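Each remark here refers to the structure printed beneath this line.
The values are calculated or read from the model by the stated rules, or taken from the named source; none is laboratory data. A quick note: this is a predicted structure, and the numbers were derived from the prediction, not measured. Note: ideal-geometry Cβ built from the backbone for every residue, glycine included; neighbour counts use all protein chains shown.
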Amino acid sequence: MLIIMNANATDNQIQNVVNFIKSKNFDAHISKGEIQTVIGAVGGKIIDPRDIELLDGVKEVIRISSGYKLASRQFKQEDTIVEVNGVKFGGDNTGLIAGPCTIESYEQMDETAKKLSDMGIKILRGGAFKPRTSPYAFQGLGEEGLKIIKKVADKYGMAVTSEIMEISQIPVCLKYVDILQVGARNMQNFNLLRELGHINKPVIIKRGLANTIEELLMAAEYVMSGGNRNVILCERGIRTFERITRNTLDLSAIPVVKKLSHLPIIIDPSHGTGLRDKVAPMSRAAVAAGCDGLIVEVHNEPESALCDGAQSLYPEQFKALKSDLEKIAPIVGKKIL
């Protein structure tokens, strides 16, 4: 349930409410907005909401039937803004993340990162642990890959985002990665999500191949219920009967998520389409729809990439796309970062 406090509620009154719901075995999650404070009561036992409404400073108690409470717009009216290395996701900001699908070598990462850095990109992506459909496909360089991307990112003043596949990888990822990325296949790896709720770094959660938006929000709830509020949602396309594109990129998820949740939502047009010539138009459409960021695959030599070269942009293509996005974003009240 959500406990809405009066606009003039004191800190003591808020703490008294927190103490009361904790005594009933609820976890208390506080969201202080510009106008009023909202306390999310999660778990616990059945309780008469009138017992809470009678406490000093309480305006009203709202029961939430959905599985996501902390991620809901009811819990927090204002948009959550997640900031990494000066790049903001959420509010009137549209952050950009770019880099190759896979970390292949120092030279590959260095050349790509230099070109991206020259364009003003401040967050570098690259996979070190790769969940591949075939056991014979390239699985990534592991920690050696993380060392490479971290070294390159530090050289150009960039932050790092990379995918994590299991709980055992958390310690090593925390050493090198600024934003931990949960891939589509792990969106419902609930044990992993719970553990990511205990770290102090942002987490990107990609929508699963056949998951609903509500299930994506409940995945975010697992992380948030552990105390980590820096969650970024990612629409990367879902599997439908269409086979011309790799996936069907659901851009309607942008306005739907923004109505249901305060969390930022970014778009992955590379996995969403799987085709280089479709990435730019879908990126432009995503920004026009009001997305809070893009994560785009860019490779210095896509034709020789070990993974997903067909959906990776050449650096010069990304530069042209960024210029287009900087023109589109202000039309919908956004700015490209």
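Residue check: is residue 87 closer than 28 Å to residue 255 by Cα, surrounded by 14 or more Cβ atoms within 10 Å (Cβ to Cβ) and over 29 Å from the mean Cα position of the chain (by Cα)? Even if it seems obvious, please write down each step before you answer.
Numbers: closer than 28 Å to residue 255 by Cα: yes; surrounded by 14 or more Cβ atoms within 10 Å (Cβ to Cβ): yes; over 29 Å from the mean Cα position of the chain (by Cα): no.
Spelling it out, it is not the case that residue 87 is closer than 28 Å to residue 255 by Cα, surrounded by 14 or more Cβ atoms within 10 Å (Cβ to Cβ) and over 29 Å from the mean Cα position of the chain (by Cα).
Taking the conditions exactly as written (crowded, with 19+ Cβ neighbours inside 10 Å, assigned by TED's automatic domain parsing to the domain that holds residue 102 and either out of contact with any Cys (no Cβ under 6 Å at 6 or more places or on another chain) or free of Cβ contacts under 8 Å to residues at least 24 places away in the same chain (or both)), does residue 294 satisfy them or not?
The answer is yes for residue 294.
For the list (1) free of Cβ contacts under 8 Å to residues at least 60 places away in the same chain; (2) assigned to a loop (DSSP other than H, G, I, E, B), I need the number of the one condition that residue 219 fails.
In the conditions (1) free of Cβ contacts under 8 Å to residues at least 60 places away in the same chain; (2) assigned to a loop (DSSP other than H, G, I, E, B), residue 219 misses (2) alone.
Which one of these does residue 135 not meet: (1) over 22 Å from the mean Cα position of the chain (by Cα); (2) under 19 Å from residue 176 (Cα atoms); (3) in a loop (DSSP other than H, G, I, E, B)?
(2)
Can you find a residue that is closer than 22 Å to residue 104 by Cβ and under 14 Å from the mean Cα position of the chain (by Cα) anywhere in segment 257-275?
yes
Name the residues in segment 206-230 that are out of contact with any Gly (no Cβ under 9 Å at 6 or more places or on another chain) and under 15 Å from residue 80 (Cα atoms), would you?
Of everything in segment 206-230, those that are out of contact with any Gly (no Cβ under 9 Å at 6 or more places or on another chain) and under 15 Å from residue 80 (Cα atoms) turn out to be 220, 229, 230.
So which of 112, 102, 161 ends up being within 26 Å of residue 257 (Cα to Cα), touching a strand residue (DSSP E or B) at 6+ places or on another chain (Cβ under 9 Å), in the same structural domain as residue 239 (by TED's automatic domain parsing) and of a type in the set (Ser, Thr, Tyr)? Break it down into steps so the answer makes sense when it comes.
Working: 112 fails: within 26 Å of residue 257 (Cα to Cα); 102 fails: within 26 Å of residue 257 (Cα to Cα).
Every option except 161 fails the conditions.
List, please: which pairs have Cβ atoms under 6 Å, are six or more places apart or on different chains, and start with a residue in segment 223-237 that is farther than 18 Å from residue 170 by Cα and touching a residue at least 24 places away in the same chain (Cβ under 8 Å) and end with one that is acidic (Asp, Glu) and buried (at least 24 other Cβ atoms within 10 Å of the Cβ)?
234/268; 236/268
Quick test for you: out of 142, 157, pick the one residue that is touching a residue at least 40 places away in the same chain (Cβ under 8 Å) and among the small types (Gly, Ala, Ser). Can you show your working first?
Numbers: 142 fails: touching a residue at least 40 places away in the same chain (Cβ under 8 Å).
Answer to the selection: 157.
Would you say residue 1 is surrounded by 14 or more Cβ atoms within 10 Å (Cβ to Cβ) and under 14 Å from residue 76 (Cβ atoms)?
Values: surrounded by 14 or more Cβ atoms within 10 Å (Cβ to Cβ): yes; under 14 Å from residue 76 (Cβ atoms): no.
It is false that residue 1 is surrounded by 14 or more Cβ atoms within 10 Å (Cβ to Cβ) and under 14 Å from residue 76 (Cβ atoms).
Of the residues 297, 326, 316, which single one is assigned to a helix (DSSP H, G or I), closer than 19 Å to residue 110 by Cβ and not aliphatic (A, V, I, L, M)? Walk me through how you get there before you give the answer.
On the way: 297 fails: assigned to a helix (DSSP H, G or I); 326 fails: closer than 19 Å to residue 110 by Cβ.
Every option except 316 fails the conditions.
Select, from 192, 180, the only residue that is at pLDDT 95 or above, in a helix (DSSP H, G or I) and not polar (S, T, N, Q). Break it down into steps so the answer makes sense when it comes.
On the way: 180 fails: in a helix (DSSP H, G or I).
After applying the criteria, what remains is 192.
Please pick out the residue among 150, 206, 122 that is crowded, with 16+ Cβ neighbours inside 10 Å and closer than 23 Å to residue 70 by Cα. Give the derivation first.
Details: 150 fails: closer than 23 Å to residue 70 by Cα; 122 fails: closer than 23 Å to residue 70 by Cα.
Exactly one of 150, 206, 122 is crowded, with 16+ Cβ neighbours inside 10 Å and closer than 23 Å to residue 70 by Cα, namely 206.
Taking the conditions exactly as written (of a type outside the set (D, E, K, R), more than 24 Å from residue 293 (Cβ to Cβ), out of contact with any Lys or Arg (no Cβ under 6 Å at 6 or more places or on another chain) and surrounded by 16 or more Cβ atoms within 10 Å (Cβ to Cβ)), does residue 37 satisfy them or not?
Numbers: of a type outside the set (D, E, K, R): yes; more than 24 Å from residue 293 (Cβ to Cβ): yes; out of contact with any Lys or Arg (no Cβ under 6 Å at 6 or more places or on another chain): yes; surrounded by 16 or more Cβ atoms within 10 Å (Cβ to Cβ): yes.
Yes.
Could you tell me how many of the residues in segment 195-227 are under 19 Å from residue 176 (Cα atoms), under 15 Å from the mean Cα position of the chain (by Cα) and not small (Gly, Ala, Ser)?
8
Go through the residues of segment 105-123 one by one and say whether even a single one is touching a Ser or Thr at 6+ places or on another chain (Cβ under 7 Å), touching a residue at least 60 places away in the same chain (Cβ under 8 Å) and not in a helix (DSSP H, G or I).
Here is the first cut: in segment 105-123, the residues touching a Ser or Thr at 6+ places or on another chain (Cβ under 7 Å) are 123.
Remaining after also requiring touching a residue at least 60 places away in the same chain (Cβ under 8 Å): none.
The answer is no, given that none of the residues of segment 105-123 is touching a Ser or Thr at 6+ places or on another chain (Cβ under 7 Å), touching a residue at least 60 places away in the same chain (Cβ under 8 Å) and not in a helix (DSSP H, G or I).
State the number of residues belonging to segment 262-289 that are under 23 Å from residue 331 (Cβ atoms), surrounded by fewer than 24 Cβ atoms within 10 Å (Cβ to Cβ) and among the charged types (D, E, K, R).
Qualifying residue count for the region: 2.
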